[in-house]
Amino acid sequence: MGTHASSAELQELIRLPEETTRTRRCFLLHIRPEKLAEYVEVHQRVWPEMLAALHETGWRNYSLFLRPEDGLVVGCFEAEDTAATEQRMAEHPVNTRWQAEMAQYFVEGSRPEPLLQYFHLA
């Protein structure tokens with residue numbers, strides 16, 4: 001087959017409406033294998049103030065999915081403007097505390113890695 005396309009080249013091929021790409025976000029994270037069960041358990045009792053902060057900053061339809069074999073987490077959410085929503089959340093003091101608490105679960109160097117949306121069926 002041909003050469004690998006760059007992210008910019010792939011972006012040129014995508015014909016999704018801006019409304020779709022601006023309002024939906026999906027990302028990857030990697031959880032330390034020895035911390036998987038604890039990470040999942042913590043998410044069964046997310047702090048009420050963290051849930052409130054997510055709502056306040058505009059997160060909707062937020063889901064996390066886990067592939068237990070290797071600790072891959074896929075997160076998806078919707079918002080009026082995902083970039084602005086992520087920025088508001090990054091600046092929220094509750095999120096700062098939550099992220100500090102969650103850092104122990106992530107594979108070293110793991111940060112939310114955004115995925116390129118190229119198809120959507122409404």
Would you tally the residues in region 84-102 being among the polar types (S, T, N, Q) and more than 16 Å from R22 (Cα to Cα)? 3
Just wondering, is there one or more residues in region 58-67 that are under 15 Å from F106 (Cα atoms) and among the charged types (D, E, K, R)? yes
Yes or no: T82 surrounded by 15 or more Cβ atoms within 10 Å (Cβ to Cβ) and closer than 25 Å to E12 by Cβ? yes
Report, ordered by the first and then the second residue, all pairs with beta carbons closer than 7 Å, sequence separation of six or more or different chains, a first member in region 63-86 that is assigned to a helix (DSSP H, G or I), and a second member that is surrounded by 19 or more Cβ atoms within 10 Å (Cβ to Cβ). T82/R25; T85/T57; T85/W59; T85/A79
When you look at T57, is it surrounded by 12 or more Cβ atoms within 10 Å (Cβ to Cβ), of a type in the set (S, T, Y) and under 17 Å from H120 (Cα atoms), yes or no? no
Step by step: first the residues of region 1-15, then only those that are of a type in the set (S, T, Y) and not in a helix (DSSP H, G or I), then the one that is modelled with the highest pLDDT. Which residue is that? S6
Exactly one condition in (1) within 18 Å of C26 (Cβ to Cβ); (2) surrounded by 15 or more Cβ atoms within 10 Å (Cβ to Cβ) is not met by V94; state its number. (1)
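The values are calculated or read from the model by the stated rules, or taken from the named source; none is laboratory data. In this text the structure is predicted, and so the values were computed from the model without any measurement. Note: ideal-geometry Cβ built from the backbone for every residue, glycine included; neighbour counts use all protein chains shown.
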